[in-house]
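The values are calculated or read from the model by the stated rules, or taken from the named source; none is laboratory data. As the structure is a prediction and not an experimental result, all values here were calculated from the model. Glycine also receives a Cβ, built like all others from the backbone with ideal geometry; neighbour counts cover every protein chain displayed. With ligands, DNA and RNA removed, areas are computed over all heavy atoms of the protein, side chains included. Shrake-Rupley method; radii C 1.70, N 1.55, O 1.52, S 1.80 Å.
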Amino acid sequence: EPEVTQTPSHQVTQMGQEVILRCVPISNHLYFYWYRQILGQKVEFLVSFYNNEISEKSEIFDDQFSVERPDGSNFTLKIRSTKLEDSAMYFCASTQRGTEETQYFGPGTRLLVL
Amino acid sequence: DAKTTQPNSMESNEEEPVHLPCNHSTISGTDYIHWYRQLPSQGPEYVIHGLTSNVNNRMASLAIAEDRKSSTLILHRATLRDAAVYYCILRDNYAGNMLTFGGGTRLMVKP
């Protein structure tokens, strides 16, 4: 069964550094998402992406964050200058179409900012 | 998305049925009821969804009240692998694609 993959599985970085989290969505999917989950808290929506542009974003997704689909397979989340509070699990998801569709989640990247 | 209310935790014995309730008294006519689960240290996983009629798939059944103000996810025979946090989520087809997760119900399955 096709699945969403994410790399790296774990990343440790120093505060103020840039990080790029990578996702490979399911190959025929057109809608891509990033969510995050701070330890012990709820899963929170960050951003959705379709047709090479952001379609929705939450208040969390400020100017420090950006997303990109640099080629036909990868979908990336960049945090320009990491803060301690960015430490969380980051999940990528994809759907073939938009609303009502099942979202398929990746296994996540655990980001730790020191 | 409209708000849902779920118990924080539930316990079940292995191989017994489990009924996970969800209240959504402010549901609108265009809200679909989705259930996802999150196994320990994994990403959320789709379980089932429905609009008005009861739904069955290989993982579970979804029973939706006639007034749609509540629903119940039914696992017919719980296994240890079903221990997870189960999220009941309402999605309006006309209000965007994002999922709004609540706290969910942590299901513990005893051998």
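Worth a mention:
- Search result, residues across the stretch A:5-41 that are surrounded by fewer than 16 Cβ atoms within 10 Å (Cβ to Cβ) and under 21 Å from residue B:89 (Cα atoms): A:38, A:39, A:40, A:41
- Filter result for residue A:85 (assigned to a loop (DSSP other than H, G, I, E, B), open to solvent by 30 Å² or more (accessible area, probe 1.4 Å), free of Cβ contacts under 8 Å to residues at least 60 places away in the same chain and closer than 27 Å to residue B:40 by Cβ): no
- Considering the stretch B:1-47, the residues that are acidic (Asp, Glu) and either free of Cβ contacts under 8 Å to residues at least 60 places away in the same chain or closer than 13 Å to residue B:102 by Cβ (or both) include one that is most open to solvent (accessible area, probe 1.4 Å), namely B:1.
- Checked against (1) more than 12 Å from chain A (Cβ to nearest Cβ); (2) under 25 Å from residue A:55 (Cα atoms), residue B:89 passes all but a single condition, namely (1).
- Residue that is modelled with the lowest pLDDT, among those in the stretch B:61-104 that are among the hydroxyl-bearing types (Ser, Thr, Tyr) and more than 11 Å from the chain's Cα centre (by Cα): B:94
- Every residue from the stretch B:48-91 that is touching a His at 6+ places or on another chain (Cβ under 9 Å), surrounded by 15 or more Cβ atoms within 10 Å (Cβ to Cβ) and of a type in the set (D, E, K, R): B:68, B:91
- Tally, over the stretch A:47-59, of residues that are farther than 11 Å from residue A:31 by Cβ and surrounded by fewer than 16 Cβ atoms within 10 Å (Cβ to Cβ): 4
- Odd one out for residue A:66 among (1) more than 15 Å from residue A:108 (Cα to Cα); (2) open to solvent by 70 Å² or more (accessible area, probe 1.4 Å); (3) not in a loop (DSSP other than H, G, I, E, B): (2)
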